[in-house]
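Input: a single structure, listed below in structure tokens.
The values are calculated or read from the model by the stated rules, or taken from the named source; none is laboratory data. Since we're looking at a predicted model, the values are computed, not measured. Counting neighbours? That spans all protein chains shown, and the Cβs are built from the backbone with ideal geometry, glycine included.
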Amino acid sequence: MSAEAPSGRVIDGRFTLVERLGSGGMGMVWRAHDEALHRDVALKEVRPPDPALAEYDPEGARTLRARVLREARALARLDHPNVVTVHHIVDPGEDGYPWIVMELVAGSSLHERLAEGPMKPAEAAELGRGILSALNAAHASGIQHRDVKPANVLLRTDGRPVLTDFGIAAIRESTSLTMTGALIGSPDYIAPSASGAPRATRPRTSGRSA
């Protein structure tokens with residue numbers, strides 16, 4: 001897998017990369033065109049924080065790949081209006097990490113909305129209810145997000161929140177990565193109980209990066 005897939009590259013003989021939408025510690029998200037169904041989608045290229053993981057820790061890489069596939073399949077079965085929809089999973093096998101095909105949410109992120117100014121209490125409450133509903137549904141399916149932050153909440157054109165960028169848990173719990181003590185997630189938003197802080201200094205996990 002290349003460090004950055006070029007625009008125009010076709011994935012799985014079906015998804016043409018159009019433009020990069022963003023990147024983070026666990027991969028890169030592209031706008032892509034589904035040539036089979038003639039629609040635009042969001043295509044996530046999953047990869048570990050350390051691109052050399054497969055070279056020095058093949059077992060850790062296999063564990064990570066298996067976890068990502070398992071969580072992506074669980075997420076694909078989750079039908080909830082406030083959770084991003086997974087359409088398809090491209091599994092390259094042992095030669096690489098999965099690509100996750102998701103709905104392309106039209107609108108902006110909560111991060112962008114907050115940059116515009118304070119929200120009205122009613123708007124904030126409605127948004128919070130939507131996010132909590134998404135987390136409850138995900139937890140009921142055995143899925144933990146662990147990196148809930150404004151940048152990972154998309155807002156549809158009608159203002160409805162959509163929680164995206166699941167999968168941090170798959171990387172954080174990978175044996176080879178947790179052994180290093182590396183913090184996977186956003187320090188400002190991660191729940192204290194998942195931060196590695198001494199138990200006596202951390203409260204029980206609540207709504208923070210659940």
Only residues in the range 142-168 that are of a type in the set (Lys, Arg) count as the first member; pair them with residues that are surrounded by 20 or more Cβ atoms within 10 Å (Cβ to Cβ) and assigned to a strand (DSSP E or B), Cβ under 7 angstrom, at least 6 apart or cross-chain, and list the lot.
156/162
Within the group 19, 35, 55, which residue is among the acidic types (Asp, Glu) and closer than 25 Å to residue 147 by Cα?
19
Could you tell me whether any residue of the range 121-129 is of a type outside the set (Ser, Thr, Tyr), surrounded by 15 or more Cβ atoms within 10 Å (Cβ to Cβ) and either modelled with pLDDT under 95 or part of a loop (DSSP other than H, G, I, E, B) (or both)?
no
Answer from 74, 36, 52, 42 - the residue that is in contact with a strand residue (DSSP E or B) (Cβ under 7 Å, 6 or more places away or on another chain) and of a type in the set (A, V, I, L, M):
42
Quick check on the range 36-54: of everything there that is at pLDDT 85 or above and surrounded by fewer than 13 Cβ atoms within 10 Å (Cβ to Cβ), which residue is nearest to residue 107 (Cα to Cα)?
39
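Quick grid of which residues meet (1) more than 15 Å from residue 155 (Cβ to Cβ); (2) in contact (Cβ under 8 Å) with a residue 40 or more places away in the chain; (3) touching a helix residue (DSSP H, G or I) at 6+ places or on another chain (Cβ under 9 Å):
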position: 57; (1), (2), (3): yes, yes, yes
position: 74; (1), (2), (3): yes, yes, yes
position: 78; (1), (2), (3): yes, yes, yes
position: 113; (1), (2), (3): no, yes, yes
position: 121; (1), (2), (3): yes, no, no
position: 129; (1), (2), (3): no, no, no
Pull up the range 58-116, narrow it to residues that are part of a strand (DSSP E or B), within 14 Å of the chain's Cα centre (by Cα) and among the hydrophobic types (A, V, I, L, M, F, W, C), then point me to the one that is surrounded by the fewest Cβ atoms within 10 Å (Cβ to Cβ).
89
